[in-house]
1. Any residue in the range 41-70 that's in a loop (DSSP other than H, G, I, E, B): show its pairings with residues that are of a type in the set (S, T, N, Q) at Cβ separation under 8 Å, as long as the two are six or more apart or on different chains.
2. Could you tell me which of the residues V47, V13 is out of contact with any Pro (no Cβ under 8 Å at 6 or more places or on another chain), farther than 22 Å from D70 by Cα and either surrounded by 10 or more Cβ atoms within 10 Å (Cβ to Cβ) or modelled with pLDDT of 95 or more (or both)?
3. Can you pull out every residue in the range 20-39 that is β-branched (V, I, T) and open to solvent by 50 Å² or more (accessible area, probe 1.4 Å)?
Amino acid sequence: TLPLAAGPAGAAVVPGGPPAPAATRRVVVADDNADGAETTALLLRAVGHEVWVALTGPDAVVAARDHRPDVVL
């Protein structure tokens, strides 16, 4: 077993309870494998993130410039 991590101040950590919601992030997924990029984007959207997919390096640069993401994968 692993010890529970301390949550944010005032947050209750309940063993076995649902995880605390993560902050929404703006994410660009850059991958030349379209299936992999779309699967990653689908999973990220499912947990509430805004996601853009770029299938080439130049498209990733444009997406990063236009969307100002918090994360680029």
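The values are calculated or read from the model by the stated rules, or taken from the named source; none is laboratory data. Computed from a predicted structure; not experimentally measured. Heads up, the Cβs are rebuilt from the backbone with ideal geometry, glycines too, and the neighbour counts pull from every protein chain shown. Remember, those area values only see protein heavy atoms, side chains included, never the ligands or the DNA or RNA. Shrake-Rupley method; radii C 1.70, N 1.55, O 1.52, S 1.80 Å.
1. Every condition considered, the pairs that remain are G48/T24; H49/T24.
2. Answer to the check: V13.
3. Within the range 20-39, T24, T39 qualify.
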